[in-house]
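Here is the structure we will look at.
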Amino acid sequence: VGSAHEHSYTAVVTAPTCTEGGYTTYICECGESYIADETEALGHDWKGTTCARCGETRENPFTDVPEGSFYIDPVLWAVEKGITTGATATTFNPNGNCQRAQVVTFLWRAAGSPEPTKNENPFTDVEEKDFFYKAVLWAVENNITNGLTADTFGPYALCNRAQVVTFLWRAMGSPASTAEVAFTDVEQGKFYTTAVAWAVENNITNGISATEFGVGGTCNRAQVVTFLYRTYVK
């Protein structure tokens, strides 16, 4: 009776690509083989309309989102993920100011459009037919923001930089930050103090200058989707 064959495997690695996962094939000289050590696809490394990894290209339908702009990748990502659409079929309106309703809706969609667990709506200026209805209820019950008053949300009020980074920080669970910021317009103990430090520490945004964060500056559409992109993707 012959002794049992002892397998001696050679590993052949198939590296992952942008669209296909990787794996290792273990092959014995007797012909037996198996696959293990599977890895996920890498995903495209978009730099504008071209993937830096594989060279594949994608369409940019917006004439006002130029190649090389800081917001081209965030805009195309946000549209692809259904977080927002263009202002028209061919324009994104990157410089358009963002209102409170728009910002919480972008955040809600980036989080997967979760259903709010409560149906109570205390706001006279938020109706069930509004596109932002569920987003507002979700944002309030998750302590991302409150109304401007006990019974008004202020959906059309413009959002400034301090408010946007605070909404985003709270949506991420209000993480602690030990970063020191030297902005003259960021006071200690304000609602946005830790949010600004967190945003700068995580490269979500910097100041408008070396000494100012620009807390009162209104955020436009390009900036808001860029903040989201740097939080969820980069």
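Key figures for this structure:
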| quantity | calculated |
| --- | --- |
| Above-threshold pairs, the threshold being 24 Å between Cα atoms, out of LYS81/LYS190; LYS81/LYS134; LYS81/LYS118; LYS47/LYS81 | LYS81/LYS190; LYS81/LYS118 |
| Dipole moment magnitude, nearest 20 debye, the range 24-99 about Cα centre, only Lys, Arg, Asp, Glu C-beta charged | 500 debye |
| The range 102-137: trypsin sites (Lys or Arg not before Pro) falling in loop per DSSP and having at most 14 other Cβ within 10 Å | LYS118, LYS129 |
| Heavy-atom surface of the chain, accessible at 1.4 Å and reported per residue (Å²) | 55 Å² |
| Peptides ranked, highest mean first, by Cβ atoms within 10 Å: ranges 164-172, 15-23 | 164-172, 15-23 |
| Size of charge dipole - the chain - debye, nearest 20, with Cβ of Lys, Arg +1 and Asp, Glu -1, no other charges | 740 debye |
| Net dipole in debye of the range 102-176 [+1 Lys, Arg Cβ; -1 Asp, Glu Cβ; about Cα centre; nearest 20] | 360 debye |
| Residues whose placed amide H lies under 5 Å from that of TYR9, excluding near-sequence neighbours | none |
| Extension gain (nm, one decimal) between ARG53 and VAL13, 0.36 nm per residue minus Cα-Cα | 12.5 nm |
| Heavy-atom accessible area order for GLU127, GLU115, GLU38, largest first, 1.4 Å probe | GLU38, GLU115, GLU127 |
| Heavy-atom accessible area order for GLU6, GLU80, largest first, 1.4 Å probe | GLU6, GLU80 |
| Fraction of accessible area attributable to carbon and sulfur, the range 1-74 (%, probe 1.4 Å) | 50 percent |
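The values are calculated or read from the model by the stated rules, or taken from the named source; none is laboratory data. All values derive from a computational prediction rather than experimental measurement. So basically every Cβ, Gly included, is an ideal-geometry build from the backbone, and we count neighbours across all protein chains shown. Keep in mind that these areas ignore ligands, DNA and RNA; they rest on the heavy atoms of the full protein, side chains included. Shrake-Rupley method; radii C 1.70, N 1.55, O 1.52, S 1.80 Å.
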